[in-house]
Amino acid sequence: MKKIEAYIRHEALEAIHDRLAAIGLPSMSVTEAKGSGRQKGYTETYRGAQSTIFLRPKLKLEVAVDDADLERAIDVILELSHTGAPGDGKIFIYDIVEAIRVRTGERGAVVLASHEDDGLPDDF
Ligand SMILES: Nc1ncnc2c1ncn2[C@@H]1O[C@H](COP(=O)(O)OP(=O)(O)OP(=O)(O)O)[C@@H](O)[C@H]1O
Ligand SMILES: [Mg+2]
């Protein structure tokens, strides 16, 4: 099992979410992030005062996947995040030691499998 941690532009999220869901990966976490890449900050003037902005808003997307789904998921994120301009983002991959579904106590890759057809109500 692997965790994909991707820093993406806000505009890319909906398409990525839809495409991942379409290939059986509907589960993800999204966090508002602020970050800097390798570019230097840019200077902005606010009420006459100049300040340098180092942090830009991004989304952090986290998706836990079975090893067999990893490359397909990366391909989706790469394709739909890429504009070719600086700031397109970055993807990090981590090993997951264990995954546990709280409701059932299930463990392992079964926890990461899509369960769209299990007849359960939506949770929220
Ligand atoms: N080494 C890093 N560690 C943690 N987060 C990072 C790292 N690099 C980038 N990020 C996150 O990804 C966001 C986007 O990075 P960005 O795409 O600007 O990377 P970059 O290396 O500067 O590439 P580019 O030259 O294409 O802009 C950053 O704002 C930050 O949130
Ligand atoms: Mg950058």
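Can you tell me which of 105, 35, 48 moves the most in a GNM of the chain? Springs connect C-alpha atoms under 10 Å apart.
Result for the chain, Cα springs under 10 Å: 48 fluctuates most.
Using only Cα atoms, find the angle between the long axis of helix 70-81 and the longest principal axis of the chain, and express it within 0 to 90 degrees, rounded to the nearest 10.
It works out to around 30 degrees.
Calculate, in nm to one decimal, what residue 56 and residue 114 gain on full extension: separation in residues at 0.36 nm each, minus their alpha carbon distance.
17.6 nm
Nearest 10 degrees is fine. How inclined is helix 13-22 to the longest principal axis of the chain, computing both from alpha carbons?
So the helix axis and the longest Cα principal axis differ by about 20 degrees.
Calculated FRET efficiency, residue 44 and residue 78, Cβ-Cβ r, R0 30 Å, to nearest 0.05?
Taking R0 as 30 Å, the efficiency between residue 44 and residue 78 is 0.45.
Top mean-square fluctuation among 73, 64, 109, Gaussian network model of the chain, C-alpha springs under 10 Å?
109
So what is the diffusion coefficient of the chain in µm² per second by Stokes-Einstein at 4 °C and 1.567 mPa s, using a Kirkwood Rh over Cα pairs?
79
Please give, to one decimal in nm, the separation of the simple spin-label points placed at residue 90 and residue 104, each 7 Å out from Cα toward the Cβ.
3.7
As a footprinting exposure proxy, order 123, 88 by other Cβ within 10 Å, with the fewest listed first.
Going from least to most buried by this count: 123, 88.
Only helical DSSP H runs with n ≥ 4 go in: add -39500 (n - 2.57) per run for the chain, normalise by residue count and round the 222 nm mean residue ellipticity to 500 deg cm²/dmol.
Here the helix-only value at 222 nm equals -5500 deg cm²/dmol.
Which whole-angstrom value gives the distance between the alpha carbon centres of the stretch 83-100 and the stretch 40-54?
29
Connecting C-alpha atoms closer than 10 Å in a GNM of the chain, tell me which of 56, 47, 38 has the biggest fluctuation.
Comparing 56, 47, 38 in the GNM, the peak value goes to 47.
Could you work out the mean projected area of the convex hull around the alpha carbons of the stretch 3-54, in square nanometres to one decimal?
The orientation-averaged projected area of the Cα hull of the stretch 3-54 comes to 5.1 nm².
Most exposed first by the Cβ proxy, i.e. fewest other Cβ within 10 Å, how do 107, 19 rank?
Final ranking by Cβ density, sparse to dense: 107, 19.
Sorting 13, 55 on the 10 Å Cβ count, fewest up front, what's the list?
If I rank by nearby Cβ atoms, fewest first, I get 55, 13.
Debye sum, Cα scatterers, the stretch 44-87, no solvent: what log₁₀ I/I(0) at q = 0.20, 0.23, 0.27, 0.33 1/Å?
For the stretch 44-87, the Cα-only Debye profile gives -0.80, -0.92, -1.04, -1.17.
FYI, it's all coordinate maths here, none of it is from the lab. Computed from a predicted model, the values in this text were never measured in an experiment. Note that each Cβ is placed from the backbone with ideal geometry, even for glycine, and that neighbours are counted across all protein chains shown.
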